[in-house]
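S.K.: Okay, here's the structure, questions in a sec.
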Amino acid sequence: MATAFLMCVEDVFRLRQGRSVMVTGRIERGRVRRGDEVEIVGPGDGVIARVVDIEACHVRVDEARADMNVGVLLPGTAADLVERGHVLAAPGSIRAHACFTADITVLSEEQGGTDLMSGDRLRFHIRTAAVWGTVMLHGVDVVRPLHGAAVAVTLDEAVALEEAQRFTFRRHGRATGSGTVTRLPR
C-alpha cells in the first residue's frame, strides 16, 4: 500500500497578484502529482486545494516524492489559509490537534535543561511549526535535567500531529528537551 502524501510547509510565496500561492518545503512521505487534491492542515479547518504545478530545483516536474524539496503551486484561494507550520497532506490522512500526551526527556543543565513543573509554558517545535503550550506532569511534581516523564500538553494553536511524532521544546529561549507523542484525542 502506498504511503499517504505529507509535506511540511516551510515558506509561502504569493504570486500573480495573489491569484496563486507557491508553498515550499520537504516532502516527508508519499508522492504528489499535478492535479492531485491536497489538504492544508494546521490551525483552522482543513481546506482542500488542487495542485496546479510542482517545481524541484527550478524545474517543473509532473511528480515529486519523499525527501524532495519542492515548491507546490496552489490556487490563490489558498493564499490566506496556508503558512509556515502547516502541512500539505493527502485529504483525511492527518488531523490538527491542540492537546496530546507525550513522553518527554529534559536535557542536561550544561545543554540547557532546567527543572520543569506542571503549568510551565514552553515553546514546542513540531515539524516546521513553533507554538506555545502548557505542560502538565503525570505522577511526578518536577522533572529534573536528564530525567523523563509522561506529560499532557495543551497547545495555544492546533498543529498537524500523529502518534509517535517527535518534537522538541524550549524554555526561556533555550533548548530544554524533546519528546514523542504517545496519544492523541479521538
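S.K.: In the range 1-13, which residue that is aliphatic (A, V, I, L, M), in contact with a Gly (Cβ under 7 Å, 6 or more places away or on another chain) and at pLDDT 85 or above is most open to solvent (accessible area, probe 1.4 Å)?
M.R.: ALA4
S.K.: Would you please list the contacts, defined by Cβ atoms under 7 Å and residues six or more apart or on different chains, that run from a residue in the range 160-177 that is under 14 Å from LEU107 (Cα atoms) to a residue that is open to solvent by less than 50 Å² (accessible area, probe 1.4 Å) and of a type in the set (Phe, Trp, Tyr)?
M.R.: Filtered contacts from the range 160-177: PHE167/PHE124; PHE169/PHE124; THR176/PHE169; GLY177/PHE169.
S.K.: What residue, among those in the range 14-52 that are free of Cβ contacts under 8 Å to residues at least 24 places away in the same chain and surrounded by fewer than 16 Cβ atoms within 10 Å (Cβ to Cβ), is nearest to the chain's Cα centre (by Cα)?
M.R.: ASP45
S.K.: Within the range 143-177, work out how many residues are among the β-branched types (Val, Ile, Thr), over 12 Å from ARG123 (Cβ atoms) and open to solvent by 40 Å² or more (accessible area, probe 1.4 Å).
M.R.: 1
S.K.: Sticking with this structure for a sec: Since ALA149 meets every condition but one in (1) assigned to a loop (DSSP other than H, G, I, E, B); (2) over 30 Å from ASP67 (Cα atoms), which condition does it not meet?
M.R.: The number of the failed condition is (1).
S.K.: Say we look at the range 130-141 and pick out the residues that are among the aliphatic types (A, V, I, L, M) and at pLDDT 95 or above; which of these is nearest to the chain's Cα centre (by Cα)?
M.R.: If we take residues in the range 130-141 being among the aliphatic types (A, V, I, L, M) and at pLDDT 95 or above, then ALA130 is nearest to the chain's Cα centre (by Cα).
The values are calculated or read from the model by the stated rules, or taken from the named source; none is laboratory data. All values reported here derive from a predicted model rather than from experimental measurement. Ideal geometry is used to build each Cβ from the backbone, glycine not excepted, and the neighbour counts take in all protein chains shown. Calculation scope for accessible area: heavy atoms of the full protein, side chains included, ligands and nucleic acids excluded. Shrake-Rupley method; radii C 1.70, N 1.55, O 1.52, S 1.80 Å.
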